[in-house]
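Everything below concerns the one structure shown next.
Bear in mind that the values in this text are calculations on the coordinates, not laboratory data. Keep in mind that this is a model prediction, so the values were computed, not measured. We place every Cβ from the backbone using ideal geometry, glycine too, and count neighbours over all the protein chains shown.
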Amino acid sequence: MLENKTILVVGAGGLLGSNLVSALLGQGASVIAADINRQAMLSRLEKVSGFDASGNLTLVELDLNDAQAVKAFFKGAKGLDGAANCAYPRNKHYGAKLFDVELEHFNENVSLHLGATFLFMQQCAAYFQREQQAFSLVNISSVYGVIAPRFEIYENTAMTMPVEYAAIKAGVLQLSKYLTAYVSNSLFRSNCVSPGGIFDNQPQPFLEKYKSYCMGKGMLDISDVTGTVLFLLSESAKYVNGQNIIVDDGFSL
């Protein structure tokens, strides 16, 4: 259903973004892959299993916190059928435990991520208003935008669930619904995918505790998430609008 579609993927140098680019190319889509560092993005893409460099792929260097650059990109864009925002901008202080988080660092991280998400959503909507062709936007939230963190799974590890993350991902859900209601046009769709934890070589005690809350799978493989994004970008989800699809093997139940 994505053959001959042109899809923009931002944050294409990350784990989800790079795998989504590869999956889209495999579906016959033309892909514009964007990230803050073009060379790092290309290096990450080349490591993705099944990545086909001969596909219809355009690489773009783009900083989602540079309003002028983002607006210029969309002003010059043509023929976009959809976009997926897989970017995760954050500062060097991100990830501290609650009582170690300074207000300025909290504010900066929320601004970097949620602010960039707002700008990207806004410009996707402005692009649709100008072009008046069907457009599907997929935003990435999280189970922790929906439920309270399960802090017990982080016990006896150096890991935590950052407070900024919870605030940001809950905000992404509401921004997506806001945008859907504001544009109010069946041709423009804004939906969210909220994954559970994605396997990335986390400590074994954490993996075991996490799995105890699931139905059997536990931490997800990245391919477990990309299929839902592909669905929302496709015409199979033509009238799915303003929704959030949770992919977590039951972790949030």
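Here are the numbers for the structure shown:
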item	result
Among the candidates Asp35, Asp63, Asp52, residue that is surrounded by 22 or more Cβ atoms within 10 Å (Cβ to Cβ), without any contact (Cβ under 8 Å) to a residue 60 or more places away in the chain and acidic (Asp, Glu)	Asp35
The stretch 18-44: number of residues that are among the aliphatic types (A, V, I, L, M) and either farther than 14 Å from Glu61 by Cβ or assigned to a loop (DSSP other than H, G, I, E, B) (or both)	8
Residues of the stretch 107-123 that turn out to be touching a residue at least 60 places away in the same chain (Cβ under 8 Å) and crowded, with 18+ Cβ neighbours inside 10 Å, as a count	3
Boolean, Ile147 is among the aliphatic types (A, V, I, L, M), in contact (Cβ under 8 Å) with a residue 24 or more places away in the chain and in contact with a helix residue (DSSP H, G or I) (Cβ under 7 Å, 6 or more places away or on another chain)	no
Matching option when the condition is over 19 Å from the mean Cα position of the chain (by Cα) and closer than 23 Å to Asn19 by Cβ, among Ser236, Ser194	Ser236
Candidate set: the stretch 151-166, residues that are assigned to a helix (DSSP H, G or I) and without any contact (Cβ under 8 Å) to a residue 60 or more places away in the chain; chosen: the one nearest to the chain's Cα centre (by Cα)	Tyr165
Boolean, Gly50 is assigned to a loop (DSSP other than H, G, I, E, B), at positive phi and in contact with a helix residue (DSSP H, G or I) (Cβ under 7 Å, 6 or more places away or on another chain)	yes
